[in-house]
Amino acid sequence: MKIKGTCKRDGRDFFAEQVVASGGECPWDGQPFNADYAAVLVESLREAERLGTQLERALERVASLHPAFTLNEQSVLGELTDQLGRFHRDLVRQA
């Protein structure tokens with residue numbers, strides 16, 4: 001999974017792997033996304049991409065079996081959607 005984000009300061013898009021490579025800094029302006037917890041941020045982004053890929057692959061395998069059931073999208077995406085919504089709070093606005 002390739003996670004894409006947008007800098008709240010300048011609105012530019014980036015990939016999580018760029019933040020990991022830069023040690024938690026914006027790949028465009030070099031400012032830390034969270035100076036106090038850069039190591040946690042980097043490790044968490046790395047883990048989110050890895051585990052997201054595992055989830056994608058597992059669901060692909062289940063679907064390829066053509067099971068006699070469907071999955072409720074809300075049960076898979078609900079909590080993820082809630083967590084992603086938290087990123088839209090407290091947007092930093094540039095003058």
So, with points 7 Å from each Cα along the Cβ direction, the Gln18-Asn34 label distance in nm works out to 2.0
Using every Cα-Cα pair within the chain, state what percent have a distance larger than 22 Å.
-> 39
Once every DSSP H run of n ≥ 4 in the chain is given -39500 (n - 2.57) and the sum is divided by its residues, what mean residue ellipticity at 222 nm do you get, rounded to the nearest 500 deg cm²/dmol?
-> -16000 deg cm²/dmol
Once Leu71 and Ser44 are pulled to full extension, the length gained, defined as 0.36 nm per residue separation minus their Cα-Cα distance, is 7.0 nm
Cα axis of helix 73-85 to longest principal axis of the chain: angle in degrees, 0 to 90, nearest 10?
-> 10
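Hey, fewest Cβ within 10 Å first, where do Val62, Val19 land in order?
Val62, Val19
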Could you state the angle between the C-alpha long axis of helix 38-64 and the longest principal axis of the C-alpha atoms of the chain, as a value from 0 to 90 degrees rounded to the nearest 10?
-> 20
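A short reminder: the numbers here are calculations on the coordinates, not readings from a lab. Note that the coordinates shown come from a computational prediction; the quantities given were computed from them, not determined experimentally. Heads up, the Cβs are rebuilt from the backbone with ideal geometry, glycines too, and the neighbour counts pull from every protein chain shown.
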